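Data first, discussion second: the structure below is written as structure tokens.
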């Protein structure tokens, strides 16, 4: 009986160790190596540098609140833009708390951008994304913020609008998603021009 158990146990242990090394070590190392060679920027987190200093990732939104910068979408991640606590608010569109928050954000957005009460506000300006860390805003949102940014920086609206256009990306593969403006990259372009 012990010989039978040993006959089954030894191959099971050998198979376990072989698959652990193959699938737990060699496969991840091979995939990491291929990613570093073929897609090094993406594999490292799509890091954005300002000079030699890493200032963020093009995939993760950051909070900008100064008037001379474009502002991102609202965030419910932790205390706001906390990458360790990525999440949405989980409040539905008929939830009174959600509706109060949206009304307050609309009021604040109109005030800080000097917009008329009849001006339509893009949804992404007053609602958060599913992750709470969306790095993109809609081109419409960026255009509505452009006057405030131009005035705060003392530059022409045309200069700011040119940067918005230069930093607007189209749909993925030409048909997926919506055009967007990466807030971090646009704000860095503004700083670079100054």
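The values are calculated or read from the model by the stated rules, or taken from the named source; none is laboratory data. The structure displayed is predicted, hence computed values, not measured ones. Neighbour counts run over all protein chains shown; Cβ positions are idealised from the backbone, glycine included.
Pairing residues of region 40-61 that are in the same structural domain as residue 75 (by TED's automatic domain parsing) and under 20 Å from residue 29 (Cα atoms) with residues that are crowded, with 17+ Cβ neighbours inside 10 Å and at pLDDT below 80, at Cβ distances under 8 Å and at least 6 apart in sequence or on separate chains, gives no pairs at all. A single entry from 94, 87, 118 fulfils the requirement of being surrounded by 15 or more Cβ atoms within 10 Å (Cβ to Cβ) and more than 17 Å from residue 64 (Cα to Cα): 87. Against the list (1) closer than 20 Å to residue 61 by Cα; (2) outside any helix (DSSP H, G or I), the condition residue 174 fails is (1).
Which one of 126, 164 is over 20 Å from residue 80 (Cα atoms), surrounded by 17 or more Cβ atoms within 10 Å (Cβ to Cβ) and touching a helix residue (DSSP H, G or I) at 6+ places or on another chain (Cβ under 8 Å)?
On the way: 126 fails: over 20 Å from residue 80 (Cα atoms).
Every option except 164 fails the conditions.
With respect to residue 101, is the statement that it is without any contact (Cβ under 8 Å) to a residue 40 or more places away in the chain, under 23 Å from the mean Cα position of the chain (by Cα) and surrounded by 15 or more Cβ atoms within 10 Å (Cβ to Cβ) true?
For residue 101, the condition - without any contact (Cβ under 8 Å) to a residue 40 or more places away in the chain, under 23 Å from the mean Cα position of the chain (by Cα) and surrounded by 15 or more Cβ atoms within 10 Å (Cβ to Cβ) - is met.
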